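Student: Shown below is the structure under consideration.
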Amino acid sequence: MKSEKMNETIKTILERRSIREFSSEQIPKEDLDMIIKAGIYAPSARNLQPWHITVIRNADLIEEIEDVMREYMLSSDDENLIERANDPSRAIFHKAPTILLVSGDESNNYMKGDCSNVLQNISLAAWSLGIGSCYIGMGNMLFQSERSDEFTAKLEIPQGYKSYCWISLGYADGEVPSAPERKSGVVTYIE
């Protein structure tokens, strides 16, 4: 007989979903602080903690970032990006009231893995508090635009750090999506 052990941590991992429709309700500061704390307690190679988190709760700034990204998308040769930029129903950050940018120390060989750990901790901590999240990989287009230096300064990214990934945070507006089927054949046991 197969035994399945479940605790709150595993339950949170299995139930977490990416949210792509957020309400405008802002996350309480104490919850956001706890989510950030969970993020910076992520494991890192040699405990170098090569990350920096920029928290953006200013709606005008979020809108400005999205506008610059849309301009960049429209100037690309990628038809998919152009189509997405022209779709008024698609907000890049899904109308989340809070977005986070995780940047990493460019000199650290393990920065990408370490920053990914931060993002995962943030996502799971948020979900455990009833707050949704969504990774926004395309957010880095901001730093491919002509205004890259301006936003590097405006978002106070430390010297020697580069944008790694963004995450939207907020309360789901609508139903939480169901988990898609997991792919089979992705695990090999060698005993």
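Student: Might you report the magnitude of the Cβ-based charge dipole of region 33-170 about its Cα centre, with Lys and Arg at +1 and Asp and Glu at -1, to the nearest 20 debye?
Tutor: Details: 11 positive and 19 negative charges, 142 e Å.
Dipole size: approximately 680 debye.
Student: Using Cα pairs closer than 8 Å and at least 6 residues apart in sequence, work out the relative contact order for region 57-191, in percent. Please list the in-between numbers first.
Tutor: Details: 143 pairs, mean separation 41.8, N = 135.
So the answer I get is 31 percent.
Student: While we're here: Sorted by mean Cβ packing within 10 Å, highest first, what order do the peptides 122-134, 152-164 take?
Tutor: Values: 122-134: 21.1, 152-164: 15.4.
Output ranking for 122-134, 152-164: 122-134, 152-164.
Student: Which order, highest average first, do 113-120, 140-147, 180-187 follow once you tally other Cβ atoms within 10 Å for each residue and take the mean per peptide? Numbers along the way, then the final one.
Tutor: Details: 113-120: 20.9, 140-147: 16.4, 180-187: 6.1.
Put in order of decreasing packing, that is 113-120, 140-147, 180-187.
Student: Report in % the part of the accessible area of region 142-191 that belongs to carbon and sulfur, leaving out ligands and nucleic acids; probe 1.4 Å. Working shown, then result.
Tutor: Details: 1800 of 3860 Å².
Here carbon and sulfur together make up 47 percent of the probe-accessible area.
Student: Now a separate question. Just grab the label-to-label distance for E156 and E79, each label 7 Å out from Cα along the Cβ direction, in nm (one decimal).
Tutor: With each label placed 7 Å out from Cα toward Cβ, I get 4.4 nm.
Student: Same structure, new question: Can you give the local net charge around E71? Use residues other than it whose beta-carbon is closer than 12 angstrom to its beta-carbon, Lys and Arg +1, Asp and Glu -1.
Tutor: Values: positive: R70, R147; negative: E64, E66, D67, E146.
Neighbourhood net charge equals -2.
Student: Another one. With a cut-off of 8 Å between alpha carbons and a minimum separation of six or more residues, what is the relative contact order of region 52-125 in percent?
Tutor: About 38 percent, as a whole number.
Student: Using a 1.4 Å probe on the protein heavy atoms, what percent of the accessible area of region 1-114 belongs to carbon and sulfur? Please report the intermediate quantities before stating the final value.
Tutor: Details: 3500 of 7360 Å².
It is 48 percent, rounded to a whole number.
Student: While we're on this one: Report, in degrees rounded to the nearest 10, the 0 to 90 angle that the Cα long axis of helix 59-74 makes with the longest principal axis of the chain.
Tutor: Orientation of helix 59-74: about 80 degrees from the principal axis.
Student: May I ask for the angle, rounded to the nearest 10°, between helix 29-40 and the longest principal axis of the chain, with both axes built from Cα atoms and the value confined to 0 to 90°?
Tutor: Helix 29-40 and the main axis of the chain meet at about 70 degrees.
Student: Can you pull out the trypsin sites (Lys or Arg not before Pro) in region 1-95 that DSSP calls coil and that have at most 10 other Cβ atoms within 10 Å? Please list the in-between numbers first.
Tutor: Values: sites: K2, K5, K11, R16, R17, R20, K29, K37, R46, R57, R70, R84, R90, K95; in loops: K2, K5, R16, R17, R20, R57, R90, K95.
Here the sparse-neighbourhood loop sites are K2, K5.
Student: Can I ask one more? N47 to T188: extension gain in nm, 0.36 nm per residue of separation minus the Cα-Cα distance?
Tutor: Values: separation 141, 0.36 × 141 = 50.76 nm, distance 2.95 nm.
Contour length minus Cα-Cα distance gives 47.8 nm.
Student: Let me ask something else about it. Say the dipole of region 1-147 comes from +1 at the beta carbon of Lys and Arg and -1 at that of Asp and Glu; which of L32, I92, N140 then lies farthest toward its positive end?
Tutor: So the residue furthest toward the plus end is L32.
Student: Quick check for you: with a 1.4 Å probe and neighbouring chains kept, what is the accessible area per residue of the chain, in Å²? Please list the in-between numbers first.
Tutor: Working: 12000 Å² over 191 residues.
Ligands and nucleic acids excluded, the figure is 63 Å² per residue.
Student: Can I ask one more? Candidates (1) 0.99; (2) 1.11; (3) 0.96; which is the computed Rg/Rh (Cα atoms, Kirkwood Rh)?
Tutor: Of the listed options (1) 0.99; (2) 1.11; (3) 0.96, (1) comes from this structure.
Student: Would you give the gap between the C-alpha center of region 29-44 and the C-alpha center of region 116-176, rounded to a whole Å?
Tutor: 14 Å
The values are calculated or read from the model by the stated rules, or taken from the named source; none is laboratory data. Small disclaimer: the values here were computed from a predicted structure and weren't measured. Virtual Cβ from ideal backbone geometry, glycine too; neighbours counted across all protein chains shown. Note: areas computed on protein heavy atoms with side chains; ligands, DNA, RNA excluded. Shrake-Rupley method; radii C 1.70, N 1.55, O 1.52, S 1.80 Å.
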